[in-house]
1. Set the bar at 20 Å for Cα to Cα. Now go through B:2/B:376; A:78/A:205; B:301/B:331; B:150/B:339; B:74/B:150; B:279/B:317 and name every pair that lies beyond it.
2. Who wins for biggest fluctuation among B:159, B:17, B:240 in a Gaussian network model of chain B, springs between alpha carbons below 10 Å?
3. Taking every residue in B:180-186, how many Cβ atoms of other protein chains lie within 10 Å of its Cβ, on average?
4. Taking a cut-off of 13 Å between Cα atoms, list the aspartates and glutamates near residue B:367, but don't count ones fewer than 8 places away on the same chain.
5. Search the structure for amide H atoms under 5 Å from the amide H of residue A:222, placed 1.01 Å from N in the peptide plane, and list their residues when 5 or more places away or on another chain.
6. Apply 1/(1 + (r/R0)^6) to the Cβ-Cβ distance of residue A:171 and residue B:282, taking R0 = 35 Å, and write down the FRET efficiency to the nearest 0.05.
7. Which of the peptides B:269-282, B:77-90 is most tightly packed, and how do the rest follow, going by the mean number of other Cβ atoms within 10 Å of each residue?
8. How large is Rg/Rh for segment B:237-389, to two decimals, with Cα atoms and a Kirkwood Rh?
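The values are calculated or read from the model by the stated rules, or taken from the named source; none is laboratory data. Keep in mind that what you see is a predicted model, and the values were worked out from it rather than measured. When we count neighbours, we look across all protein chains shown, and the Cβ atoms used for this are built from the backbone with ideal geometry, even at glycine. Areas reflect the complete protein model, heavy atoms only, side chains present, ligands, DNA and RNA absent. Shrake-Rupley method; radii C 1.70, N 1.55, O 1.52, S 1.80 Å.
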Amino acid sequence: MGPTERLLSAAGGALLTYYGLRKRATAGPLGTGLAVLGGSLVLRGATGYCPVNQLVGRNSASSATRPIEIVQTFTINKAVGEVYDFWRRLENLPRFMQHLESVEQLDARRSRWKAAIPGGMGTVEWEAEIVTDEPNLLLAWQSLPDSQVDNAGEVRFTEAPGDKGTEVQAVIHYRAPAGGLGQGLAKLLTPALAEMVRSDLRRFKQLLEAGEIATIQGQPSGRGHDKG
Amino acid sequence: MKALCWVGTNHLNVERVPDPEIINPQDAIVRVILSCVCGSDLHLLDGYVPTMREGDIIGHEFMGEVVETGPNVKRFRKGDRVIVGSILGCGDCWFCQQNAWSLCDNSNPHAALAEKTYGYSPAGIFGYSHAFGGYAGSHAELIRVPFADKTMIQIPEGVKDESALFVSDAFPTGFMAADMADIAPGDVVVVWGCGGVGQMAIRSAFLLGASRVIAIDRFPERLEMARTHGRAETLNYTEVDILEALKEMTGGRGPDRCIDAVGMEAHTTGPEHYYDLVKQQLRLETDRPAVLRQAILACRKGGTVSIVGVYSGYIDKVPMGAAMNKGLTLKMGQQHPQKYMPRLLEYVQRGDVDPAYILTHRWPLDKGPEGYQMFKKKTDECIRVVFAP
Ligand SMILES: NC(=O)c1ccc[n+]([C@@H]2O[C@H](COP(=O)([O-])OP(=O)(O)OC[C@H]3O[C@@H](n4cnc5c(N)ncnc54)[C@H](O)[C@@H]3O)[C@@H](O)[C@H]2O)c1
Ligand SMILES: [Zn+2]
Ligand SMILES: [Zn+2]
């Protein structure tokens, strides 16, 4: 694990810790679990020991790995063309992907992504390319091989039966290292990641259907201003 | 501003909190003129609805005056006098478009939390715990109203504040109870519970064609109101055997339509009460379903049981065999304000129904905690206490 990766791992840990702590206020044990998980990633960042390096499919030359799949689906009450178009305009992604700051389209296939590291620790940037683009059907992208961050995603669009709009399915694949610790971490990490993907998809749906994302962040309470 | 906050089980407090601001483009800020207690708040107060947090502002039945609108609010302006529905809907999801607003996909910011208990998340509700969104409630001087164009309805000139108020929650809930009951002309309808919701269900049952309504409660003043304002026949469940009495009153057939306007904290006498109370306190059962059991047993073959009394978790010993073998239809749900408000406001405007009679106490917000104690214990013949901040 090189210094950059170590830093990013710490950042990822911070992200989860942040997410976990933020959630704890409302979500009880789940939030606590995320915070603990975040903490373990921070630790890994600090020590340089990285059992989950292969999570995103890189550095897997060594041992056998086990593929893990996260699938999340929402139905959006809009025509398939409209849903696909909104996603295909990658600049729109930060409007519903919570940790993304911006996506800039460089050419038809390539784009530059920027994400904020929570807690004011700056930003990370990477480049990605669209690897599959079948309009109104399938969109898949992947970060370029030598970028700082591994990021890959695939979204399928299907017309829902009974005039209910469009089924949007996000599929994320990653590889967890074989062996107890790797599998254990993956077991912990998978629900957290699944929840993040799910929450982003839900925001996508709300934005497209309702035109805004429901929130209570900033409303008054006996606790002062709510943080969400 | 001043607001009535939930502090813990059976503990409310009037506190100073920040003023609300426009957060989303479809928000409006409303100055609350009247804000009412509701039986649903008692479930929060008594600690039966999880995910309440210390400092949550409660209250969801209210009317007021618009003071500010977000950029995407088109139908309202500053100064408009409005009724605000208690449950939020976006208007654009599949459920809202089916007129099933309390099932809205997009109005609950904590949908993920609700999904853990219910599988799928219902709509957001004002002041009704974080599983239902955690929205700040209406027992305050000001409130933020999301999806304002959908959630609010303009009050016509000449309709008084206290007549308009109950079109927010009690009236549409009672009306939906009667609507779901599928009343046919000539039907005999029974309403369990003569709180604000039950009173409105009685009136609505007649509006929808019932020939007789039988109302059940134990408080004399509530039964009296059901008779005088509702033209209902009444039964006191502490004095008669309800199943026997209903059979007798319906020529041995049983009532056609049964409405549960009581919900999870039903009161009973005898061993059944202690059975449910102990189980509920041990959290082996979260709700006490005495009325639901009775409604299922009382209902005639092929009849309908319509449930608007709120249940939040698990219930025990439901006579499913009776429901199944008598071929009953069970319908239930949180009300859809946006579906019913225009029609009900018309009844009010025409003078067909003036729901103001369920308002028994009008108090300043400072007396919120005492108001809830009175409403909970049903002292001083209180049916609904309304706060004027
Ligand atoms: N579905 C909705 O959208 C919606 C909206 C508002 C209220 N509600 C629910 O409706 C219910 C009634 O609300 P409310 O404001 O009228 O409350 P309320 O507390 O004023 O009235 C409840 C009444 O039920 C009576 N009761 C208790 N046990 C009974 C029994 N065994 N048989 C007959 N009556 C019995 C009580 O004496 C009381 O008069 C509550 O459960 C509330 O949560 C539902
Ligand atoms: Zn209510
Ligand atoms: Zn909706």
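1. Over 20 Å apart, Cα to Cα: B:2/B:376.
2. Fluctuation is largest for B:240.
3. 0
4. Once the sequence-local aspartates and glutamates are set aside, what remains near residue B:367 is B:15.
5. B:56, B:57
6. My answer for the efficiency is 0.20.
7. B:77-90, B:269-282
8. Ratio of gyration radius to Kirkwood radius for segment B:237-389: 1.01.
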